[in-house]
Amino acid sequence: MLQKKICMLGAYGVGKTSLVRRFVESIFDEKYHTTLGVKIDKRVMEIGDTRFTLVLWDLAGDDEVEQANLSHLRGASGYILVVDGCRKSTLDRAVLLKQRVDQVLGPVAAVLALNKCDINDQWAVTPAMVEEIFAHHMPVFVTSAKTGHAVEEMFQALAIQTLGETTR
């Protein structure tokens, strides 16, 4: 069966693991779980007549981009860049991460998750801020791992990109 490697990227605590758990297991855990190194999950999907497995590499968050172990990116068909709407520093890190990922992978499928919309009254980052920076580079999704808002749609859009189809 066809497999597509997808990397989850972003600063620590942005919700990468929670987004994966919501997508793969349909659950959310209030407890914070630090990812050490990489955690790999899988989910079988169907797009049209194509059945394939998304292999999700949940990479440990690192606020020191220069020290991030980007070797895990090799062979990836795409990535999800995650920003915590409550912390502007995670948007700044996302900009740096995208630059580093582009150097390692070149052009690949990508989407951005502006996460934690369930607490958007606490946001320091607005969708407009994210769109201004990333809209010309990748689709932007406002998500909540807690409620599941737009999680399925985001992964579906990325899956379609990896198959060479358009998401817009």
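Looking only at residues in the range 107-117 that are touching a Ser or Thr at 6+ places or on another chain (Cβ under 8 Å) and not in a strand (DSSP E or B), which one is farthest from residue 148 (Cα to Cα)?
That would be 108.
Do you know which of the residues in the range 128-155 that are aliphatic (A, V, I, L, M) and closer than 14 Å to residue 94 by Cα is modelled with the lowest pLDDT?
It comes out as 135.
Please pick out the residue among 89, 77 that is in contact with a helix residue (DSSP H, G or I) (Cβ under 6 Å, 6 or more places away or on another chain) and either at pLDDT 95 or above or surrounded by 14 or more Cβ atoms within 10 Å (Cβ to Cβ) (or both).
Step by step, each of 89, 77 is checked, and only 77 is in contact with a helix residue (DSSP H, G or I) (Cβ under 6 Å, 6 or more places away or on another chain) and either at pLDDT 95 or above or surrounded by 14 or more Cβ atoms within 10 Å (Cβ to Cβ) (or both).
Somewhere in the range 85-106, is a residue touching a strand residue (DSSP E or B) at 6+ places or on another chain (Cβ under 7 Å) and not in a helix (DSSP H, G or I)?
yes
Would you be able to tell me the number of residues in the range 22-49 that are at pLDDT 95 or above and closer than 16 Å to residue 143 by Cα?
Qualifying residue count, the range 22-49: 3.
Which one of these is out of contact with any Lys or Arg (no Cβ under 7 Å at 6 or more places or on another chain) and of a type in the set (A, V, I, L, M, F, W, C): 82, 101?
Just one listed residue meets the conditions, 101.
Can you pull out every residue in the range 128-158 that is among the aromatic types (Phe, Trp, Tyr) and assigned to a strand (DSSP E or B)?
Correct list: 141 only.
Please verify whether residue 125 is of a type in the set (Val, Ile, Thr), crowded, with 19+ Cβ neighbours inside 10 Å, modelled with pLDDT of 90 or more and part of a loop (DSSP other than H, G, I, E, B), treating the condition exactly as stated.
yes
Sort out which residues of the range 12-25 are of a type in the set (A, V, I, L, M) and surrounded by fewer than 24 Cβ atoms within 10 Å (Cβ to Cβ), and write them in order of number.
The one that is of a type in the set (A, V, I, L, M) and surrounded by fewer than 24 Cβ atoms within 10 Å (Cβ to Cβ): 24.
Determine which single condition residue 111 fails, assuming it passes every other condition in (1) closer than 24 Å to residue 30 by Cβ; (2) touching a Leu at 6+ places or on another chain (Cβ under 7 Å).
Result: residue 111 passes all but (1).
Look through the range 96-122, keep the residues that are modelled with pLDDT of 95 or more and surrounded by fewer than 15 Cβ atoms within 10 Å (Cβ to Cβ), and return whichever of them is farthest from residue 10 (Cα to Cα).
The residue in question is 121.
So which of 155, 134, 141 ends up being farther than 22 Å from residue 23 by Cα and either within 12 Å of the chain's Cα centre (by Cα) or buried (at least 19 other Cβ atoms within 10 Å of the Cβ) (or both)?
Within the list 155, 134, 141, the selection yields 134.
The values are calculated or read from the model by the stated rules, or taken from the named source; none is laboratory data. In this text the structure is predicted, and so the values were computed from the model without any measurement. Here the Cβ is made from the backbone with ideal geometry for all residues, glycine too, and neighbour counts use every protein chain on show.
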